[in-house]
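Remarks on the structure that follows.
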Amino acid sequence: MLKLLRTTIRLNGTRELVSEAIAKNPVLFGRGSGCDVILSGDGFSLNHARISYSAAGVFSIEDLNSLSGVSVNGRLVKSTQFTHGDTVKIGSLSFQVGIENHELTLASEVYETLKTESQVLLKEKASAFSVAKNLPSIRVLSWIGIILVVAFAGLFPFLDVGTGAVPTRLAWSSGQISSHHKGIEANCVACHDENFSKVSDNSCKQCHAMSEHGLTDAGLEVSGAQSNYHAGKSPHTKSAPHSANSGHTCAGCHQEHNGSEALVPSSSALCTSCHTNITAEDPKSTLLNVASWDTHPGFFGGKEPKDSGNIKLNHKVHMQRNLRGANGPESLTCASCHKLKPDLKSFLPIDREEHCASCHSLGFDEELPNVEVPHEEPDTVYQFLFAQYAQLQLRDSTKTNAATRNRPGNAELDLKAREFTRTAVTNLARAAERELFTRTACKLCHEIAAADLSPKPLSSGDAADNTQAERSLYKVISPEIPAVWMKKAVFNHGAHQTQSCESCHGSVVKSVAESELTADANMPKIDGCKNCHVTHASVGKIVSDCTQCHGYHESLALPSTLPPKAAQPELFSMISSFVGLK
Amino acid sequence: MNGVAQNVEHKPERANATRLESVRETFLFYKNGRWFWINLCAVLLFIALYIAFEPVGGNNGGTAVGYGLGGAATAGILYLMWYGIRKRSYHASATTLQGCLSAHVWLGVALSIIVPLHSAFQFGANIHTLAYVLMMIVVASGVFGAINYTNLAPLIAAHRGGGHTQQLLEQMERLSREIANLTHDRSDSFIVLMKRYDFAPNPLTDWQPGLWRCLRRTAVPTFSASEITNLLANVPIADNDAAVKMVALIARKRELAIRLTEDVRLLTMLKIWLWVHVPVSLALVFAVALHILIVFIYR
């Protein structure tokens, strides 16, 4: 007798017991409909196992070659006996064995399987842990990000277009504005004429026409026109790449929105990009190629420059110690004559009155010991001499006695005497003139030539009929002292004041103190510069680029010659126009 | 009960772990770190170019090198975006997905150096820097993801091993029914003990650990042993065996819950960076496009 007890544990925890008695021996277990105990589910074989018992009360189980086997107390078995308290497992179904009075009881517990709703609940619960269920979708977040970026970068800057009230357009600014333009940083249209426009040259000239960029060589403003640099007067404009029509713009070189350094580029590459092979840029150029500072040609094309000035100066004589000065022995230094301009960059011109007059007198007659001719044009000098001797003659004539004094009515005698006196004065004046211009004061420093005594044109201001008599027989060749030797560079003497003059000028060819010729320019050589100035950082050296000496824009350079003394012709012109002369 | 307990006691399958280990190693150092070295060489080359090239006016994004680096960075970003398409191209055979991922990771890291070189380290409150900031967010989130993947993948293998979230929940639910089954005809003190200790009487409806509590590892409450012992002492002798069995069942359920929440935490760490990485990278593409457009308008 076999008793089958099936306990079903419901989902709510309640138990449901079903009892079934099977009075057969043996009892067949399996899925098959012919089995005594039908086990539903694909975990069982059609004929899975067979339990039989003997009259002696011995129970045994036999595996009928099932798929999932039979085990007793956890051990897989083919055929074995079992007893009270054992656990018999057929497939996945466990039975607790109870034997009482030769009656076998197989008790099993089955959990109620989840219903469909519960399965759904389980899946939902499991999926609730996923990231996707707890966060907005990536797609939505992506759209939000895109919209935010477009709004901030594409639309937000438009808020102040046209009003400039809030500089939201700075969101488009490509970088830090230079300190020079910081004041107009928020005012984009100060440089960008219109919305979405690049910077035009006209925008730059709105402010910079008054600056050095808009100056001509004469220092005059070119109002509203191209600057000197762009007008073709600069050497850089001779070559097509730098001309105004070449497409190069102010902003092309002066890059804004890159901090202060980029606004005024100073890199040597700016120059060497063309000057390494300058004829490729400008076939007519006579400049020497410069690839780098190390290979920079010597000054003056590597040749020794000669002073072409028409003034005679012997440095050796002047540099002697204890010269006979006006107030006793005197020793000159360089700075005695060469004085820096207030800008400390170049020197003031040599001035005779300041530098020469104390020793070099323009006296002409021992009888007139304190009288000197003016340091003016030869005609003025001669007229001064004539006036001085005429005054001397007049003074002497007043010393004659009453018998020889001219009386009224003695006109003929008076004329003859006057003529005699004039001739005497003229002779004295000419003699003194000759002495000055051929032997002493003038001749000492100046080149002298015979004057052209042809009548001057009326416009010169002198009457044609008395020209010859009142004019000098000599003329002074214009000195033409070079004011700037290195016309393509700016040398800042003030920045080199820690150096002695001789360290650069002293030992070029010969010492300045040994120089006897005017032609000795004693200009330094580039090797001296290279002792201190280098292109790459080095201890004790000064890193320098081209712009240390050279200006890119012509207007930055010093004037090549001293400006003429314009006051005199202008004064003469004013007087002429006042008296009606043309 | 024993049978249930045995079902959830998983040990990492060695073969699986080894396979994951090799995947983890090769995605960063695919083919002896081919993409690592290629990107390293590219970065060094760009740095050398940046140092050697001295443009007029100083380095900036508008010089020849600046344009070169900017172009390279733009191409790089487009390539990185293409990975989103490539990883869905299941039939692509010209390249391996693992190789593409390796290139994706190292190129992204390289860009975080190349882009500052492009801009010559100029940053400001503008959309150009915004593009860089977005890119760095994308790179940082990607690095976070890569680090998580390399560190957490073996742990995932150890934790899962077939114990999926749903199965763990199902097992917890079955334990809950066993516990409920024990409560028939039990004393009130037995019920007090159960209510105090059982943190999830029905895991499917009562238990709400939440993703963030899983991440913080606070989803499963902790109990002091003394408190449970005191409650157990109050239970009548007749219910004692059942109470001990119930405590053991609840302890088992806690283990399952901790395993489940730890799985959730690890899986979340593996995925959550994508919620930053993908949306910000798409926004980045628009920011870069606007950056290029504006730069060339005003150039």
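The values are calculated or read from the model by the stated rules, or taken from the named source; none is laboratory data. Since we're looking at a predicted model, the values are computed, not measured. Here the Cβ is made from the backbone with ideal geometry for all residues, glycine too, and neighbour counts use every protein chain on show. To get the accessible areas, we keep the full protein, side chains included, count just its heavy atoms, and leave off ligands, DNA and RNA. Shrake-Rupley method; radii C 1.70, N 1.55, O 1.52, S 1.80 Å.
Tabulated data
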read-out	value
Of all accessible heavy-atom area on chain B, the percent that carbon and sulfur account for (1.4 Å)	63
B:ASN151 paired with A:ARG321, simple spin-label distance in nm, labels 7 Å along Cα-to-beta-carbon	8.5
Stretch gain in nm, segment B:LEU270-B:ALA289, where the contour uses 0.36 nm per residue and the Cα spacing is subtracted	3.8 nm
Global geometry of region A:29-77, whether rounded, prolate or oblate, following the gyration tensor of its Cα atoms and the 1.5 cut on a/c	oblate
Per residue solvent-accessible surface (Å²) - chain B, probe of 1.4 Å	50
Residue-by-residue Karplus 3J(HN,Hα) for region A:135-148, coefficients 6.51, -1.76, 1.60, Hz, glycine and proline x	10, x, 5, 4, 4, 5, 4, 4, 5, 4, x, 4, 5, 4
Along each principal axis, Cα extent of chain B, largest first, Å	95, 43, 31
Local net charge near B:PRO236, Cβ-Cβ under 14 Å (Lys/Arg +1, Asp/Glu -1)	-3
Pairwise label distance in nanometres, A:THR380 with A:CYS207, each label 7 Å out on the Cα-Cβ vector	4.7
Heavy-atom accessible area, 1.4 Å probe, ligands and nucleic acids excluded: residues of region B:282-298 down by at least 50 Å² from chain alone	B:PHE286, B:LEU290, B:ILE297, B:TYR298
³J(HN,Hα), Karplus 6.51/-1.76/1.60, whole Hz, each residue of region B:112-128, x for Gly, Pro	5, 9, 5, 5, x, 5, 4, 8, 6, 6, 8, 10, x, 7, 8, 6, 5
Whole-number percent relative contact order across chain B, with pairs defined as alpha carbons under 8 Å at least 6 apart	26
Residues of region A:476-501 with amide N under 14 Å of a point placed 7 Å along Cα→Cβ from A:ALA335	A:494-501
Net charge contributed by nearby residues that have their C-beta within less than 14 Å of A:CYS549 (K/R +1, D/E -1)	+3
Gain in span if fully extended, A:VAL58 to A:LYS123, counting 0.36 nm per residue against the direct Cα distance	18.5 nm
Cut-off under 5 Å, modelled amide H: who pairs with A:LEU104 long-range	A:LYS3
Coil-residue trypsin sites (Lys or Arg not before Pro) of region A:317-370, DSSP, other Cβ within 10 Å capped at 16	A:ARG321, A:LYS339, A:LYS345
³J(HN,Hα) computed for each position of region B:264-274 - Karplus, 6.51 cos²θ - 1.76 cosθ + 1.60, integer Hz, glycine/proline x	4, 4, 5, 5, 5, 4, 6, 10, 4, 4, 5
FRET E, pair A:SER200, A:ALA280, Förster distance 30 Å, beta-carbon r, rounded to 0.05	0.55
Residue-averaged beta-carbon neighbours from other chains (10 angstrom radius) around A:261-273	3
Estimated buried accessible area (total), pair B and A, 1.4 Å, Å² to nearest 100	4400
Relative contact order %, region A:47-120, counting alpha carbon pairs below 8 Å whose residues are six or more apart	20
Under-5 Å amide H pairs with A:SER79, H placed in peptide plane, nonlocal only	A:ASP63
Segment A:ASN47-A:ASN289, extension gain: residue separation times 0.36 nm, minus the distance between their alpha carbons	76.3 nm
FRET efficiency estimate (nearest 0.05) - Cβ-Cβ, A:ALA489 to A:HIS360, R0 51 angstrom	0.90
Largest-first ordering by accessible area, 1.4 Å probe, given options A:ASP527, B:ASP239	A:ASP527, B:ASP239
Contact order normalised by residue count of region A:1-139, Cα under 8 Å, 6+ apart, percent	21
Residues in region B:169-201 that, when all protein chains are in place, have 20 Å² or more less accessible area than the chain alone would give (probe 1.4 Å)	B:LEU169, B:GLU170, B:GLU173, B:ARG174, B:ARG177, B:GLU178, B:ASN181, B:HIS184
Drop in accessible area of at least 40 Å² in the complex versus isolated chain, residues of region B:33-57, 1.4 Å probe	B:VAL56, B:GLY57
Sites matching trypsin sites (Lys or Arg not before Pro) across region A:1-102 that sit in DSSP coil, with at most 11 neighbouring C-beta atoms within 10 Å	A:LYS78
Nearest-0.05 FRET efficiency for A:VAL539 and A:SER503, computed from C-beta distance (R0 22 Å)	0.60
